[in-house]
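Working notes, beginning with the structure itself.
The values are calculated or read from the model by the stated rules, or taken from the named source; none is laboratory data. Computed from a predicted model, the values in this text were never measured in an experiment. Heads up, the Cβs are rebuilt from the backbone with ideal geometry, glycines too, and the neighbour counts pull from every protein chain shown. Surface areas here come from the heavy atoms of the whole protein model, side chains and all, with no ligands, DNA or RNA. Shrake-Rupley method; radii C 1.70, N 1.55, O 1.52, S 1.80 Å.
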Amino acid sequence: MPNTTRCRICGGTVTEFADFGRQPLSDAFRRPDDTTEEFFYRLAVGFCGTCTMTQLMAEVPREKMFHEDYPYVSRGSAVMRAHFRGVAQRFLDTELTGADPFVVELGSNDGTMLKVVAEAGVRHLGVEPSGAVADMAAADGVNVRKDFFEEATARDIREGNGPANVIYAANTLCHIPYMDSILAGVDALLAPDGVFVFEDPYLGDIVARNSFDQIYDEHFYFFTARSVAEMAARNGLSLVDVERIPVHGGEVRYTLARPGARPVGDAVTALLAEEEATGLADLTTLAAFATRVGKIRDDLVTLLTDLKAKGERVVGYGATAKSATVTNYCGIGPDLVEFITDTTPAKQHRLAPGSGIPVRPAADFADPYPGYALLFAWNHAEEIQAKETAFADAGGRWITYVPDVRVV
Ligand code: SAM
Ligand code: TMP
Ligand code: ZN
């Protein structure tokens with residue numbers, strides 16, 4: 001009998017299809033002298049046969065993940081900075097052109113998107129529970145409320161500021177299990193003709209690319225057009241647009257509105273049809289994905305073990321949250337990967353969660369270059385390979401494991 005649990009969207013039965021075993025908090029980079037016991041949980045993912053939402057089998061308490069020391073910053077990638085500038089400009093040009101418009105961002109992080117809105121003089125509010133990153137946004141002139149967005153927060157914002165024309169969330173909605181409270185909050189805060197726009201990793205891309213490392217504690221839901229349409233309808237909203245976007249290894253930007261307020265775009269019908277054709281709402285498709293992932297693990301461990309036996313040095317590139325799933329699922333420690341290089345100050349000179357692999361500043365990568373770099377930040381491959389040409393020139397090779405294990 002497979003493991004089951006109750007769906008957080010509809011109460012239906014969620015059937016487990018992949019188990020990644022004992023995992024740490026993906027963003028809990030530890031000080032080397034930290035002797036406190038590390039938190040672990042069992043990471044497994046399942047599919048709801050009723051509303052089709054793919055979701056984690058168990059929830060990690062939010063305060064364990066999002067707190068004063070949460071290290072992830074949006075500004076760590078030039079491509080993402082340009083992406084968010086584009087998002088802000090598009091809202092300014094389309095939805096925010098009326099009299100005194102108001103935009104609210106959930107998970108505004110270091111303010112990369114809202115800074116552009118603030119500079120345009122448009123009313124805005126970021127809702128961000130993680131203290132250090134919220135302070136970075138405030139230092140850049142962004143209005144931030146240090147809080148978790150949920151129904152009560154939304155009602156309070158509405159009372160103090162009036163309705164929002166746009167509610168936006170990037171790489172945040174999929175992090176939030178308590179969706180009923182979020183969508184009740186959106187209902188309370190959104191203007192009658194306003195839009196709720198969110199972008200998150202797309203299950204269709206995860207399955208097509210075997211990007212199993214998108215599955216970790218913070219990513220609770222794995223959305224599709226179908227599951228989002230069902231989720232919206234159950235909460236008094238309607239899915240009116242979808243747009244595939246190339247960032248973070250393949251995402252979809254979903255637009256929800258009040259039923260009847262906006263026409264449903266052709267892109268919604270088209271993506272629903274594509275999902276039907278590829279069997280994205282079939283447990284057999286997801287079970288086949290899990291089987292492919294097991295082979296990736298075996299291939300990666302074999303490759304790294306062979307390289308070590310030959311005396312080669314392998315360094316990880318990008319201490320992503322995703323890399324926690326890879327290292328802990330595959331059993332990769334400092335014996336196979338010497339250190340991980342990362343540009344984020346809050347991750348440097350710490351140990352990667354679970355694996356204990358040291359995280360070092362970018363400069364250490366070239367001092368001297370290793371023979372091989374394991375590209376944990378594969379979603380930023382173009383940006384990274386463009387700036388690391390000297391590594392390739394020195395004979396360095398990249399190892400990737402998405403969609404399969406390859407040395408390039
Ligand atoms: N939006 C940024 C981006 O795309 O780069 C940051 C994404 S980061 C992966 C997720 C953010 O969501 C974190 O900064 C976290 O603190 C925040 N978050 C988590 N739960 C939240 C909630 N209930 N309301 C608002 N923000 C939340
Ligand atoms: P992400 O995949 O969740 O965006 O995380 C990317 C991580 O990789 C983040 O910790 C920053 C790091 N990084 C680098 O170290 N160098 C780079 O050039 C880029 C783009 C990211
Ligand atoms: Zn369900």
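Within the chain, all pairs of alpha-carbon atoms sorted by distance into 20 Å bins from zero give the percentages 27, 58, 15, 0.
Backbone amide hydrogens, once placed in the peptide plane, bring Phe223 within less than 5 Å of Leu203, excluding anything fewer than 5 places away on its chain. Taking springs between alpha-carbon atoms closer than 10 angstrom, which of Asp135, Asp306, Asp93 fluctuates most in the Gaussian network model of the chain? Checking each option, the largest mean-square fluctuation is seen for Asp93. Once the Cα-Cα distance is subtracted from the 0.36 nm per residue extended length, the Arg90 to Asn3 segment shows a gain of 26.9 nm.
Per-residue ellipticity at 222 nm, computed for the chain from helices alone with -39500 (n - 2.57) per DSSP H run of at least four residues, works out to -10000 deg cm²/dmol. Looking at this model, which pairs from Lys308/Lys387; Lys115/Lys387; Lys64/Lys146; Lys322/Lys347 are more than 23 angstrom apart at the alpha-carbon? Over 23 Å apart, Cα to Cα: Lys308/Lys387; Lys115/Lys387. The modelled label-to-label distance between Asp187 and Glu63, using points 7 Å beyond Cα along the C-beta direction, is 2.8 nm. Its residue count N sets the reference 2.2 N^0.38 Å, and the alpha-carbon radius of gyration of the stretch 74-284 equals 0.98 times that reference. Across Val337, Val144, Val87, mean-square fluctuation computed from a Gaussian network of the chain (C-alpha pairs under 10 Å connected) peaks at Val87. If the chain linking Gln385 and Lys308 were pulled fully straight, counting 0.36 nm for each residue of separation and taking away their Cα-Cα distance, it would gain 25.4 nm. 3J(HN,Hα) along the stretch 11-28, derived from phi through the Karplus expression 6.51 cos²θ - 1.76 cosθ + 1.60 where θ = phi - 60°, amounts to x, x, 8, 9, 9, 5, 10, 8, 10, 9, x, 6, 9, x, 5, 5, 10, 8 Hz, with x in place of Gly and Pro.
Per residue, the stretch 74-284 exposes an accessible area of 36 Å² to a 1.4 Å probe, with every protein chain left in place.
Normalised by the number of residues in the chain, the mean separation of alpha-carbon contacts (under 8 Å, six or more apart) gives a relative contact order of 15 percent.
Apolar share of the accessible surface for the chain: 50 percent from carbon plus sulfur atoms, 1.4 Å probe. Could you point to the residue in Gly98, Val127, Pro246 farthest towards the positive end of the stretch 74-284's charge dipole, with +1 and -1 charges on the Cβ of Lys/Arg and Asp/Glu respectively? Result: Gly98, furthest along the dipole toward the positive end. Accessible surface of His83, taken over heavy atoms with a 1.4 Å probe and every protein chain present, rounds to 30 Å². Largest GNM mean-square fluctuation among Val122, Val359, Val293, using the chain with Cα springs under 10 Å: Val122. Near Arg397, the amide H atoms lying under 5 Å from its own belong to Tyr372, Ala373; only residues 5 or more places off or on other chains count, and H is placed 1.01 Å from N.
Projecting label points 7 angstrom from Cα along Cα→Cβ for Asp298 and Leu283 puts them 2.4 nm apart. Hydrophobic long helices, here whole DSSP H runs in the chain with Kyte-Doolittle means of at least 0.5 and Cα atoms spread over 24 Å or more along the helix axis, are found at 283-309.
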